[in-house]
1. Among the residues of the stretch 144-168, which ones are over 24 Å from VAL180 (Cβ atoms) and aliphatic (A, V, I, L, M)?
2. Taking the condition of being closer than 17 Å to MET196 by Cβ and either within 21 Å of the chain's Cα centre (by Cα) or exposed (fewer than 11 other Cβ atoms within 10 Å of the Cβ) (or both), how many residues in the stretch 62-86 meet it?
3. How many of the residues in the stretch 166-181 are out of contact with any strand residue (DSSP E or B) (no Cβ under 6 Å at 6 or more places or on another chain) and either open to solvent by 60 Å² or more (accessible area, probe 1.4 Å) or free of Cβ contacts under 8 Å to residues at least 40 places away in the same chain (or both)?
4. Counting just the residues of the stretch 142-165 that are small (Gly, Ala, Ser) and at negative phi, which one comes out most open to solvent (accessible area, probe 1.4 Å)?
5. Considering every residue within the stretch 133-141, establish whether at least one is outside any strand (DSSP E or B), open to solvent by less than 100 Å² (accessible area, probe 1.4 Å) and without any contact (Cβ under 8 Å) to a residue 12 or more places away in the chain.
6. Which condition breaks for VAL182 when tested against (1) under 18 Å from ASP71 (Cα atoms); (2) assigned to a strand (DSSP E or B)?
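The values are calculated or read from the model by the stated rules, or taken from the named source; none is laboratory data. Since the structure is predicted, the reported quantities are computational estimates derived from the model, not experimental observations. Using ideal geometry, Cβ is built from the backbone for each residue, glycine included, and neighbour counts are taken over all protein chains shown. Keep in mind that these areas ignore ligands, DNA and RNA; they rest on the heavy atoms of the full protein, side chains included. Shrake-Rupley method; radii C 1.70, N 1.55, O 1.52, S 1.80 Å.
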Amino acid sequence: MEKEKKKITLKEIGPARLVMLLMAGIFLVLLSIPNLPSSDKKSKEPSVSSNKLMGQTSGTANDETELYVTDLEDQLKTLLMKVEGIGTVEVMITLKGSKEVVVLKDRPYTKESVNEVDGEGGSRNSNKTEQSDTTVMVEGSDGVKRPYALKEIEPEVEGILVIAQGGEKAVIQSEIIEAVQVLFGVPPHKVKVMKMKS
């Protein structure tokens, strides 16, 4: 006896089973792709956008500090290279911290004083004071609310290293240290002048 080979048609499978098989196939394909965005990355995104609402991200603050240091180094380098006898110069400046932003605070203050007198002639004074502290927010041109900054305090210079071609001469060293003291208010022991390798 020969076994008959039976061909399965779409009508026999049915549309419901066909959709289920198709969905299972798509699900298996998605599981096999290694670089799909995970839920961890999605959970981190709101914190980045909330940082932007607060004013700036930490990366931006670091970038601003680096730009500030680079600008100071370039200005000092340009000035020192114009002095006779110093020659080519390389400068490195270190800071004590980063820029500090002083924001405007709204501090409503209420004071309540109550004087009670009882029937026996005794009296009692009660004082109550309340003070709250909220940051004043302003809306920028981009529609994002940020704290209103009263002032920005640039970071203090910690130390300065100057490497100069004429750095071995005591007179040049003295002139460089005095110039740095005048420009940055750094004490002499925080300034190091060295001779550049030829």
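1. Within the stretch 144-168, VAL144, ALA149, LEU150 qualify.
2. 2
3. 7
4. Looking at residues that are small (Gly, Ala, Ser) and at negative phi, I get ALA149.
5. Yes, the conditions are met somewhere in the stretch 133-141.
6. Failed condition: (2).
The rows are residues; the columns are (1) part of a strand (DSSP E or B); (2) out of contact with any Ser or Thr (no Cβ under 8 Å at 6 or more places or on another chain).
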{"site": "VAL101", "(1), (2)": "yes, yes"}
{"site": "THR110", "(1), (2)": "yes, no"}
{"site": "SER126", "(1), (2)": "yes, no"}
{"site": "GLU130", "(1), (2)": "yes, no"}
{"site": "GLY143", "(1), (2)": "no, yes"}
{"site": "ARG146", "(1), (2)": "yes, yes"}
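So that you can scan it fast, the table gives a plain yes or no per residue for (1) in contact with a strand residue (DSSP E or B) (Cβ under 6 Å, 6 or more places away or on another chain); (2) modelled with pLDDT of 85 or more; (3) open to solvent by 80 Å² or more (accessible area, probe 1.4 Å):
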residue	(1), (2), (3)
LYS3	no, no, yes
ILE8	no, no, yes
PRO15	no, no, yes
SER38	no, no, no
LEU53	no, no, yes
SER58	no, no, yes
THR88	no, yes, no
GLU100	yes, no, yes
